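Report on the structure given below.
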Amino acid sequence: MNASLPSLSSPWRLSVAPMLDWTDSPCRVFHRLLTRQARLYTEMVTTGALLHGDVPRHLDYDAVEHPVALQLGGSEPADLAACARLAEKWGYDEVNLNCGCPSERVQKGAFGACLMAEPKLVADGVKAMRDVVGIPVTVKHRIGIDREESYDFVRDFVGTIAEAGCEVFIVHARNAWLQGLSPKENREIPPLRYELVHQLKREFPQLTIVLNGGVKSDEEIERQLQHVDGVMVGRQAYHEPWQMAGWDQRFFGQAGPAESREQVEAAWVEWLDHRSQATRRHWPQAMRHALGLWNGEAGARRWRQIWSDHKMKALPAREVAALADAARRGIAADAAEHQSSNRHPQPA
Ligand SMILES: Cc1cc2nc3c(=O)[nH]c(=O)nc-3n(C[C@H](O)[C@H](O)[C@H](O)COP(=O)(O)O)c2cc1C
């Protein structure tokens, strides 16, 4: 890796993407048992929900989540400014504006990806937020909308918003097709074009450019860090959480918090039980975020089945953990024995 790259010291070097219904506060607490350094993002919260809804419900989080960014969905500069103020008051480390979500609901509200057609409005929103808060105001966007595939489009978008003072751009490296694709398809079908994101970094070396979309392996993260300041990982981090256990050492040169899957599981179950007692919120909603912890290991499937079993929901988390763990260990021991007898066949 090139030691002269700014990415080595950037707070945006590695992050976990904002994901609606997924990266809620319990999910972020779980991720913090695996990495202390990666930056975490909330799910998108709309300005309407914040200004007219239950603010603590949307903004409460656990202190261990820092550094944590609040992602906003909205387009009205005055509303964005009011919400950015709330984000700062609540202690968030960053406020991020969503200009990449293609869902129809979001399009009706005239925000998300369709804002890419209105860079001036985004610039006004960014300026309004920057005028009232001291925390970084960042933007997450696509490389284009619909069939607009020229580099100039995304370059002009970034250029206009940078003039309003935005210094950090998180770029999901595919277009959003606003008609005819579901949000899920819009994360899979429009082709990834990383070279456009690399070109943005070359053209705007003073800006922090973070690449997002389709990044899976640590080797790929490393490759991308040769070209950009940071990488944001979404689905891979969520589905294969144990991968994050290696991130602090590999990408930040710091010891990570996770010694073993067992230790992460024990800390997580303790947190779940503590939370159930303190708030009477039951564990299954939170536990779903951790179901990938043992992926790739013998007994993982059985472990997941036990945690997902409806009948278990009445028990405290620690009791389910004991059952799931015993089953997993049994299968792992059988698998190890089978392997060793294959290696050292017994005489008949
Ligand atoms: C379930 C789900 C919900 C998402 N919700 C949001 C969101 O609220 N805000 C946002 O900017 N992107 C959202 N995204 C997009 C991700 O942040 C990310 O840009 C996308 O998944 C591509 O990155 P990946 O290939 O690493 O997953 C969501 C993605 C998923 C899978």
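Residue under question is Ser25, and the condition is that it be more than 12 Å from the ligand (Cβ to nearest atom), at pLDDT below 95 and within 23 Å of Arg235 (Cβ to Cβ); does it hold? Here the answer is no, as Ser25 does not meet what is asked.
Among the residues of the range 210-249, write down those that are free of Cβ contacts under 8 Å to residues at least 60 places away in the same chain and more than 16 Å from the chain's Cα centre (by Cα). Scanning the range 210-249 gives Glu219, Glu220, Arg223, Gln224, His227, Gly246, Gln249. When Arg301 is tested against (1) touching a residue at least 24 places away in the same chain (Cβ under 8 Å); (2) under 25 Å from Asp21 (Cα atoms); (3) out of contact with any helix residue (DSSP H, G or I) (no Cβ under 8 Å at 6 or more places or on another chain), just one condition goes unmet, and that condition is (1). For the range 73-110, a residue qualifies if it is of a type in the set (A, V, I, L, M, F, W, C), farther than 23 Å from Glu188 by Cα and touching a strand residue (DSSP E or B) at 6+ places or on another chain (Cβ under 9 Å), and the qualifying residues are Leu80, Cys83, Ala84, Leu86, Ala87, Trp90, Val95. Given the conditions (1) more than 12 Å from the ligand (Cβ to nearest atom); (2) surrounded by fewer than 22 Cβ atoms within 10 Å (Cβ to Cβ), report the number of the one that Leu20 does not fulfil. Only one criterion in (1) more than 12 Å from the ligand (Cβ to nearest atom); (2) surrounded by fewer than 22 Cβ atoms within 10 Å (Cβ to Cβ) is unmet by Leu20, namely (1). Inside the range 67-100, residues that are crowded, with 21+ Cβ neighbours inside 10 Å and within 19 Å of Arg32 (Cα to Cα) make up a count of 6. Per the listing Leu97, Leu72, Leu80, Leu40, the residue uniquely assigned to a helix (DSSP H, G or I), at pLDDT 95 or above and within 16 Å of the ligand (Cβ to nearest atom) is Leu80. Taken residue by residue, the range 43-54 has at least one member that is part of a strand (DSSP E or B) and over 24 Å from Asp131 (Cβ atoms).
The values are calculated or read from the model by the stated rules, or taken from the named source; none is laboratory data. Note that this is a predicted model, so its numbers are computed, not measured. Please note: Cβ atoms are built from the backbone with ideal geometry, for glycine as well, and neighbour counts cover all protein chains shown.
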